[in-house]
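Step one of this worksheet: look at the structure below.
The values are calculated or read from the model by the stated rules, or taken from the named source; none is laboratory data. Model, not experiment: these values are computed from the prediction. Cβ placement follows ideal geometry from the backbone for every residue including glycine, while neighbour counts extend to all protein chains displayed.
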């Protein structure tokens, strides 16, 4: 009985780790949730509480996050319904009415009503006027932080010339030929496109596989010149292939090329 | 014609009332920071360059939290008042007002939010039984 219980607990933990909820309860925004908890704690303190249970605070902060989210969703929906992309104050107030609809809304039945005479708006005005405002306890940075992404750069930016006519110069440039590992039998899996990995691998390659690198460089240069003694087989096809993409070149038969087999050490 | 002019004047008053209201919002600094509100509004697809609307949402949320907390406080105080008349000692200890899950779920129920917690977790057959009968039951289980 005990073992069975323990197994179940393990399975439960595993399932918790694996299952990422697809609904709104995404716990990946821990930072925002923590800020919400602090804000809720401050409001509770101003109301008169001296301490709280952790579960109660988490539940309440979850609920106000849901409240903000739902208010935004409703206001956006109202704006879209009116054929607008940007929401305005009337959308927000209508959203507020919807959220408070369980308690009823005063003044909503008048046809020629002014929005400022609505019960909800008046309540907010009273709320704002009554207490002193308590600013948030911490300095909150703008989030989520947007990292600057530096791309590879286009052909034109790099000053390179795209090898084929069908490749326009505003497309991102191909990676350098040194990073191709198609020709060797070492199989060191350097087929990556990212710059950082490429640089790291380049360093590794330079340290260990200098002969291979030189060979590949020679191959690339010779490929550009068009036709060389290194390439055995269909010369025309190989020349075309080496110009555009070494993966598409004709396959080599065993023993055609002298290849340096060296052990590859990473890290 | 007169009716039209009257309604136009009425509209101007309405507009000024609304803009006054929004202006008063900017003086008040809500406890919920603008960045948090903007983050969740952006998540929901709400798009507005006007800061006053963000403040409006923040103030409305703060008002909601304050109301819920207030109701929970009333429940807490009511419970303390019911207990105090029995023992004087408890009065000293229970002066601390604690936000409990119980009070919170009661006050949230009025707003249509159902937050229910399990009263106990039965991980063994003896959970939930008072200690007096628990020993008896334990001995009975051992014997069987």
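Summary table
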| read-out | value |
| --- | --- |
| Any hit, the range A:140-149, residues being modelled with pLDDT of 75 or more and in contact with a strand residue (DSSP E or B) (Cβ under 7 Å, 6 or more places away or on another chain) | no |
| Residues that are at the interface with chain A (Cβ under 7 Å from one of its Cβ atoms) and either in a helix (DSSP H, G or I) or more than 18 Å from residue A:46 (Cβ to Cβ) (or both), drawn from the range B:23-43 | B:24, B:25, B:35, B:36, B:37, B:39, B:40, B:41, B:43 |
| Subset of the range B:50-64 (residues that are more than 15 Å from residue B:26 (Cα to Cα) and surrounded by fewer than 24 Cβ atoms within 10 Å (Cβ to Cβ)) | B:63, B:64 |
| Test: residue in the range A:26-44 that is buried (at least 23 other Cβ atoms within 10 Å of the Cβ), within 7 Å of chain B (Cβ to nearest Cβ) and not in a helix (DSSP H, G or I) | no |
| Residue that is surrounded by the most Cβ atoms within 10 Å (Cβ to Cβ), among those in the range B:107-123 that are without any contact (Cβ under 8 Å) to a residue 12 or more places away in the chain and within 10 Å of another protein chain (Cβ to nearest Cβ) | B:113 |
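Let's see how each residue does on (1) outside the structural domain of residue A:41 (by the TED database); (2) surrounded by 11 or more Cβ atoms within 10 Å (Cβ to Cβ); (3) modelled with pLDDT of 75 or more; (4) not in a loop (DSSP other than H, G, I, E, B):
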| residue | (1), (2), (3), (4) |
| --- | --- |
| A:84 | no, yes, yes, no |
| A:87 | no, yes, yes, no |
| A:92 | no, yes, yes, yes |
| A:106 | no, yes, no, no |
| A:137 | yes, yes, yes, no |
